Every structure is written in structure tokens, then in C-alpha cells.
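Read the structure below first, then the notes.
The values are calculated or read from the model by the stated rules, or taken from the named source; none is laboratory data. Values in this document were obtained by computation on a predicted structure and should not be read as measured data. Here Cβ is always computed from backbone atoms with ideal geometry, including for glycine, and neighbour counts include all displayed protein chains. Ligands, DNA and RNA are excluded from the accessible area calculation, which covers all protein heavy atoms including side chains. Shrake-Rupley method; radii C 1.70, N 1.55, O 1.52, S 1.80 Å.
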Amino acid sequence: NPRGVAVGGASNDLSRIGGQPIRLLTEFGYRGGVYPVNPKYPQLLGRTCHASLDALPETPDLALIVVNAKLAIRMLEACGRKGVPFAIVFSSGYSEAGDTGVSMQDELSAIARRYDIGLVGPNCQGLISVPNKTYAGFGSAFIYDYVPGPVSMVSQSGGFGFSLMSLAAMDGG
């Protein structure tokens, strides 16, 4: 139940991975603060776009990191300095990409441990918290405005997890 969500690597193309979370949080009525972060833009969807995580007016509870693998390491470090307690790293190019990727993933883990950041990812699709309208991700599973219900789910596979979620929603569950 984050009170604020930063989107590091936010995009003005709302169909891209960096644009979808901003659009989804806005469209589905998320009531917390949404903080786009990208030095390229002054505004996105009518929201001030900040040049860096350090420039945010407050510390969000969740940071979505949607930049390339090398930049994601620096961005997670910035989350630690800012005191962000939870982050989702969407970036790929880590352990699935060989020895260099394994080393970078180890660096992400070390940063998360050093700053006590809860970390989902890397190379993930995101998460949805239906009751508070936190649609923090990208892809086809995020197009539905789900009805809150009595079931929670965690899945290692975004494709599998969101397929189950979509099927349950279509069945009224």
C-alpha cells in the first residue's frame, strides 16, 4: 500500500515500459503521489517530472526502476540514499545474460541489503495491488480494472501469474 510511487526512467510514450505505470496509476485512480523521474521532460501526464530521485519533494514508498541494467544499479543506490523502502527493477540483462549480468545482479542485491530495500526483480513485469489501485507494471495484465477479492497471489513468472489473475477476473473471482 505505497503512499507514493516514483517511476525512474519515466517515458512520455505511454505505451512504453516507462510510460505505462504512470498512465495506469492515473487511469485506475491510484490516490498516492506519482513521481515521474527523467531529466528529459518537465512534465508527464500533467505531473511534474523530476530530474532525479534525489530531487523528489518527498520519499516515495515504492520506486519503479525502468532504465537499462547498468543505470538501474545507480538508480537503486539513489533509492537507498533517499530512503525508499521498496523497489521493483524491471530491467533485464542480469543473471540471464551471463557472467557480467550475474555480477551486476549481485551488485543490486548488495545495494538492497546495505540500505534495507525490499526488492522485486530484476527482469520482472511488476505488481498489482487491487484494493489501493497500485498498478505498478506493464503489459497486457495491467489493462483490466480488477475487482478486489479474497485472494492474493505471488508468482515467480509474470506471464503465468498474470494469466491466472486474468482468468480469475474473467470468471468473476
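Remark: pairs (first residue in region 129-153, more than 23 Å from Arg16 (Cβ to Cβ); second residue open to solvent by 90 Å² or more (accessible area, probe 1.4 Å); Cβ separation under 7 Å; 6+ apart in sequence or on different chains) = Asn132/Asn1; Pro148/Pro131.
With the checklist (1) open to solvent by 10 Å² or more (accessible area, probe 1.4 Å); (2) within 21 Å of Lys133 (Cβ to Cβ); (3) of a type in the set (Val, Ile, Thr) in hand, flag the one item Ile73 doesn't pass. Failed condition: (2).
Being at pLDDT 95 or above, of a type in the set (A, V, I, L, M), crowded, with 17+ Cβ neighbours inside 10 Å and under 18 Å from Ser11 (Cα atoms) is not true of Leu44. The single residue among Thr26, Thr59 that is open to solvent by 30 Å² or more (accessible area, probe 1.4 Å), touching a residue at least 40 places away in the same chain (Cβ under 8 Å) and of a type outside the set (Gly, Ala, Ser) turns out to be Thr59. Could you look through region 99-116, keep only residues that are open to solvent by 30 Å² or more (accessible area, probe 1.4 Å) and either touching a strand residue (DSSP E or B) at 6+ places or on another chain (Cβ under 8 Å) or not in a helix (DSSP H, G or I) (or both), and pick out the one that is farthest from Phe162 (Cα to Cα)? Within region 99-116, the match that is farthest from Phe162 (Cα to Cα) is Asp116. Filtering region 3-23 to residues that are open to solvent by 20 Å² or more (accessible area, probe 1.4 Å) and either farther than 12 Å from Leu64 by Cα or in contact with a helix residue (DSSP H, G or I) (Cβ under 7 Å, 6 or more places away or on another chain) (or both) leaves Arg3, Asn12, Asp13, Leu14, Ser15, Arg16, Gln20, Arg23. Among the residues here, Ser95 does not qualify as among the polar types (S, T, N, Q), touching a helix residue (DSSP H, G or I) at 6+ places or on another chain (Cβ under 9 Å) and open to solvent by less than 50 Å² (accessible area, probe 1.4 Å).
Filtered by the rule that a residue be open to solvent by less than 80 Å² (accessible area, probe 1.4 Å), over 23 Å from Ala69 (Cα atoms) and not in a loop (DSSP other than H, G, I, E, B), region 143-173 gives Gly161, Phe162, Ser163, Leu164, Met165, Ser166, Ala168, Ala169. Scanning region 12-24 turns up at least one residue that is in a loop (DSSP other than H, G, I, E, B), under 15 Å from Gly137 (Cα atoms) and touching a Leu at 6+ places or on another chain (Cβ under 8 Å).
Criterion first (crowded, with 16+ Cβ neighbours inside 10 Å, in contact (Cβ under 8 Å) with a residue 12 or more places away in the chain and basic (Lys, Arg)) does Arg31 satisfy it?
Criteria not met by Arg31.
In the set (1) out of contact with any Gly (no Cβ under 7 Å at 6 or more places or on another chain); (2) assigned to a helix (DSSP H, G or I); (3) surrounded by 14 or more Cβ atoms within 10 Å (Cβ to Cβ), the condition left unmet by Leu119 is number (2).
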